[in-house]
Amino acid sequence: MERTLPEGHGPVRYGPPAPEPGLPVLPELAAVLAASAGRAHTEPVGGSPALLDAAAGYMRRRGMPAERSQLAAAPGAAPLLCALIAATGGDVLLPRPCTAWWAPQVRLLGRQAFHVPTPPECGGVPDPYALLETVRRVRAEGGDPRLLVLSVADDPTATVPPPEVLHETVEAALREGLHIVSDETWRDTLHHPEETVLIGPAEMAPRHVTVLADLAGAFLPPDWPAAVARFPATGEGAALRARALDVLTVLGSSVAAPVAAAAAYALGEPAEVTDRLTAAVRLHARVAEAVHRSVLAAGALGRAPVAGRHLYVDFAPLGDALAERGVTDAMELEDHLTERFGMPVPGGHRFGDGLGALRARISVAPLLGTDTEQRLAALTAPDPLELPHVERALTALAGALDDLRADARRTEPPR
């Protein structure tokens, strides 16, 4: 990740990618892709019947009835969200912080993106009262808010909103006539699914919610781009899907045939795919929890990660120590931590947080090993934290955090 330029505080081309798994491609997926590489035909815009039927089955197994006519696929979540924003029109409301690539999609289309603070309990969804106030203010100033984008398993905060909080936010959005896009990319990466209740807004208000899922979250490698969307089973939902497909057609945005074959295979959830996902989630959870303990021990703050392969850290309690090192904002924090940790650590300004907030996202993938052998060892180990290479990586990270804590103690005034 290249250094952010001061002007604009984060050009799009330098933005952080989604957290990667840090694991080799599942051999069975690679075989499906390779077997389809000789196909000469072009996938239809919006997805082939085979891919859409597989996506429908995936949605149904998660409590969201779906038919082929409600679904669309695209080469990644970004073009799919872009098509949805273009098809909906108007301004867009986003939680603060939020996924790094959401706001650039809005700006690309010449629309306004308005960030709404998240509640204390979680990230991913706006506080319902702040949402109502933001909509009122935007309309009073001549804006036209029509769309709310949220996430029930969040990047960057790695949290899941309690159902009651999500319900209040959904009710507030519907009261103001907003359509909801629910990004559920990370819903299959819950660290402890038996302890975490995840209910999506489409289960609360199926007529007013479009569900978006990037398959790179749980099923495919990041450089095999494929994403699916489920539209409401209503006349308005059908019209929205048709307009989104028009946009995708103009963009020439169709899933590559070999990737579509791999996506359909993965969405069918055969045993080898689900076994790999279970093992990967267990690994990411174990390492993320270790990083979280080191973060808290150093005096920084951050909610315990419950999904994904990352965590979001607030370094404000170490602000004086960081200032002694010339770190006074999120851009400088990004540079400092990236150098100290030896891996990309994007600052909170990339996720819609204020530049003055000393927050950053830490991904666990770089801690799993530097080659295929080490990463596979981490995946299959009874306790990956006991592997020498993982232990060394975590110790180095904890040491860098402890240095900040030591500096903070030196800067504390005498009692």
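Rule-based calculations on the coordinates, nothing more; no lab input. Here the structure is a predicted model, which means the values were calculated and not measured. Counting neighbours? That spans all protein chains shown, and the Cβs are built from the backbone with ideal geometry, glycine included.
When the Karplus curve 6.51 cos²θ - 1.76 cosθ + 1.60 is applied with θ = phi - 60°, which whole-Hz ³J(HN,Hα) does each residue of segment 149-162 get, with x for Gly and Pro?
10, 9, 9, 8, 9, 9, 10, x, 7, 6, 10, 10, x, x
Taking the Cα of residue 328, stepping 7 Å toward and past its beta carbon, and measuring to each backbone N in segment 274-318: which are under 19 Å?
Within reach of a label on residue 328, which here means backbone N under 19 Å from a point 7 Å along Cα→Cβ, segment 274-318 contributes 315-318.
Which length gain, in nm to one decimal place, applies between residue 395 and residue 35 when the Cα-Cα distance is subtracted from 0.36 nm times their residue separation? Can you show the working numbers first?
Working: separation 360, 0.36 × 360 = 129.60 nm, distance 4.25 nm.
Difference between extended and current length: 125.4 nm.
From the backbone phi of segment 72-78, what are the Karplus-calculated ³J(HN,Hα) couplings (6.51 cos²θ - 1.76 cosθ + 1.60, θ = phi - 60°) in whole Hz, Gly and Pro given as x?
Rounded to whole hertz, the list is 8, 10, 8, x, x, 6, 4.
Specify the longest stretch of the chain that does not include any exposed loop site, a site being one of the GluC sites (Glu not before Pro) with a non-H, G, I, E, B DSSP assignment and at most 12 other Cβ atoms within 10 Å.
Working: sites that count: 2, 7, 141, 194, 195.
Formally, the longest exposed-site-free interval is 196-415.
Starting from 0.36 nm per residue, how many nanometres of slack lie between residue 246 and residue 108 once their C-alpha separation is accounted for? Don't skip to the end; give the middle numbers.
Details: separation 138, 0.36 × 138 = 49.68 nm, distance 1.73 nm.
Length gained, residue 246 through residue 108: 47.9 nm.
Along the Cα-to-C-beta direction of residue 274, a point sits 7 Å from the Cα; which residues of segment 22-44 have their amide N less than 19 Å from that point?
Label zone hits: 26-29.
How charged is the neighbourhood of residue 92? Take every other residue with its Cβ under 9 Å from the Cβ of residue 92, and add Lys/Arg as +1 and Asp/Glu as -1.
Here the count lands on +1.
Antiparallel as a % of all DSSP beta bridges within the chain, to the nearest 5?
Of all bridge pairs located within the chain, approximately 50 percent are antiparallel.
Treat each spin label as a single point 7 Å out from the Cα along the C-beta direction, and report the residue 164 to residue 320 distance in nm.
3.8
What list of ³J(HN,Hα) couplings, whole Hz, do you get for segment 249-258 from phi and the Karplus terms 6.51, -1.76, 1.60, once you set θ to phi - 60° and write x for glycine and proline?
5, 4, 7, x, 9, 10, 6, 4, 4, x
Under 8 Å for C-alpha pairs, at least 6 residues apart: give me the relative contact order for the chain, rounded to a whole percent.
On the way: 823 pairs, mean separation 83.0, N = 415.
Across the chain, relative contact order equals 20 percent.
With just the Cα atoms defining each centre, how far is segment 11-64 from segment 202-268? Give it in Å.
Here the two parts' Cα centres lie 10 Å apart.
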